[in-house]
Amino acid sequence: MQEDNFETLAIRLQTERSQYKEHSVPLYLTSSYKFDDSEEMRALFANEKEGNVYSRYANPNTSELIEKMAALEGAETGWVTATGMAAIFTTFATFLSAGDHILSSRSVFGSSHQLLNGIFPKWNISYTYADLDKKEQWENGIQPNTKVIFVETPSNPGIDIIDLEWIGQLAKKHDILLVVDNCFATPYLQQPLKYGADISIHSATKFIDGQGRTLGGVILGSDKLIRQIEGFARHSGPAMSPFNAWILSKSLETLAVRMDRHCESALKVAEFLEVHPKVKQVRYPFLPSHPQYDIAKKQMKLGGGIVTLTINGGVTAAGSFMDKLKMFSISANLGDTRSIATHPATSTHAKLTEEERLQVGIEQGTVRLSIGLEHINDIIADIEQALS
């Protein structure tokens with residue numbers, strides 16, 4: 001396509017039409033494929049010819065989703081998995097061996113922390129945490145066996161930001177793979193590969209789906225790196241179903257307009273909360289009070305759909321606030337059309353110790369708000385009455 005505008009690519013890139021000339025891409029609910037003859041089968045399995053051989057490897061629906069996501073993020077290609085955590089695990093498992101070391105941002109999703117802290121040490125893969133805003137910790141954290149730098153920006157749920165251009169230069173200087181969890185921003189708001197990242201990962205379950213319907217993960221990068229991921233994933237089997245890929249590809253058609261609305265409303269919510277007497281702290285990338293506001297403005301188009309607040313009064317006040325919400329859903333998900341409230345200390349980050357949570361800005365009074373697509377007046381009215 002000659003058009004390179006985000007919205008046009010998201011809508012118009014699609015699998016080649018069949019003989020039926022369908023306007024909307026159909027579902028390809030097949031586990032396997034028919035070959036014209038034995039020679040074609042041999043050539044396809046030998047990678048001498050392009051084509052589908054088995055849906056654990058590729059399917060027209062997953063291929064379309066990969067093509068769209070790669071175009072929107074500015075990547076050469078990609079791979080899709082059953083979940084966002086499958087995307088993170090698959091990436092780590094592809095490039096790490098026993099004895100290797102990961103340098104990771106301290107503020108990562110709870111399940112990412114569990115991988116680093118509980119699973120990889122069994123395979124003699126070690127890790128060191130660094131704070132996103134302390135450059136000296138990143139410099140000092142690099143070891144001779146460091147193979148991956150992993151960052152999540154904006155972070156979940158602390159909304160910390162790292163300078164992608166700076167961390168990209170650091171990774172290149174030491175010849176280390178830079179992997180960025182870009183879930184909160186989506187490719188519409190932030191494109192880490194343009195700032196030096198080698199791989200960008202998404203939990204497509206969140207804003208990319210946008211309606212809380214399905215699970216999925218996306219890995220994006222260079223053809224050279226993705227081919228290695230493909231080699232691991234084809235045989236370890238974290239495959240995305242064709243049905244989920246079809247849903248997510250259709251969801252991309254509305255991603256830009258949805259994110260515009262999410263961001264517009266989230267900023268208004270953050271501004272409202274910042275001056276509320278019962279609120280101790282508000283974190284949102286495009287609030288001037290955010291400590292990395294200038295960095296966020298440089299590398300993000302808008303501030304995203306997540307607002308994190310800490311309420312005076314600790315866990316009791318946070319619980320009271322959430323229980324008094326009338327329209328917001330209490331859920332562990334985010335990125336939905338429906339506004340959602342989550343208490344990280346007792347849900348998504350419950351496996352962290354109290355000290356570990358405090359180190360990443362999660363207090364007992366901290367609540368994560370995923371701002372949906374309802375009318376902004378109704379969103380703020382619900383928050384206001386719940387804080388009263």
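Just wondering, is there one or more residues in segment 348-356 that are in contact (Cβ under 8 Å) with a residue 60 or more places away in the chain, crowded, with 17+ Cβ neighbours inside 10 Å and within 17 Å of residue 324 (Cα to Cα)? No, every residue in segment 348-356 fails to be in contact (Cβ under 8 Å) with a residue 60 or more places away in the chain, crowded, with 17+ Cβ neighbours inside 10 Å and within 17 Å of residue 324 (Cα to Cα).
The numbered conditions (1) open to solvent by 10 Å² or more (accessible area, probe 1.4 Å); (2) within 16 Å of residue 371 (Cα to Cα); (3) over 24 Å from the mean Cα position of the chain (by Cα); (4) of a type outside the set (Gly, Ala, Ser) are all true for residue 278 except (2).
Matching residues to (1) open to solvent by 10 Å² or more (accessible area, probe 1.4 Å); (2) more than 22 Å from residue 304 (Cβ to Cβ):
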site: 86; (1), (2): yes, yes
site: 91; (1), (2): no, yes
site: 106; (1), (2): yes, no
site: 113; (1), (2): no, no
site: 125; (1), (2): yes, yes
site: 139; (1), (2): yes, yes
site: 142; (1), (2): yes, yes
site: 154; (1), (2): no, no
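In segment 313-328, the residues that are closer than 14 Å to residue 369 by Cβ and at pLDDT 95 or above reach residues that are open to solvent by less than 20 Å² (accessible area, probe 1.4 Å) and of a type in the set (Ser, Thr, Tyr) with C-beta atoms within less than 8 angstrom, at least six apart or across chains, in these pairs: 318/366; 327/339; 328/339. Taking the listed residues 280, 297, 301, the one that is closer than 30 Å to residue 131 by Cα, part of a loop (DSSP other than H, G, I, E, B) and at pLDDT 95 or above is 301, with no other qualifying.
The single residue among 72, 29 that is open to solvent by 60 Å² or more (accessible area, probe 1.4 Å), at negative phi, touching a residue at least 40 places away in the same chain (Cβ under 8 Å) and touching a Pro at 6+ places or on another chain (Cβ under 7 Å) turns out to be 29. Being under 26 Å from residue 377 (Cα atoms), open to solvent by 10 Å² or more (accessible area, probe 1.4 Å) and not hydrophobic (A, V, I, L, M, F, W, C) is a property that residue 237 lacks.
Scanning segment 158-177 for residues that are surrounded by fewer than 24 Cβ atoms within 10 Å (Cβ to Cβ), not acidic (Asp, Glu) and not in a loop (DSSP other than H, G, I, E, B) yields 166, 168, 169, 170, 171, 172, 173, 177.
The values are calculated or read from the model by the stated rules, or taken from the named source; none is laboratory data. No experiment lies behind these values; they were computed from the predicted model shown. Using ideal geometry, Cβ is built from the backbone for each residue, glycine included, and neighbour counts are taken over all protein chains shown. Accessible surface areas use protein heavy atoms only, side chains included; no ligands, DNA or RNA. Shrake-Rupley method; radii C 1.70, N 1.55, O 1.52, S 1.80 Å.
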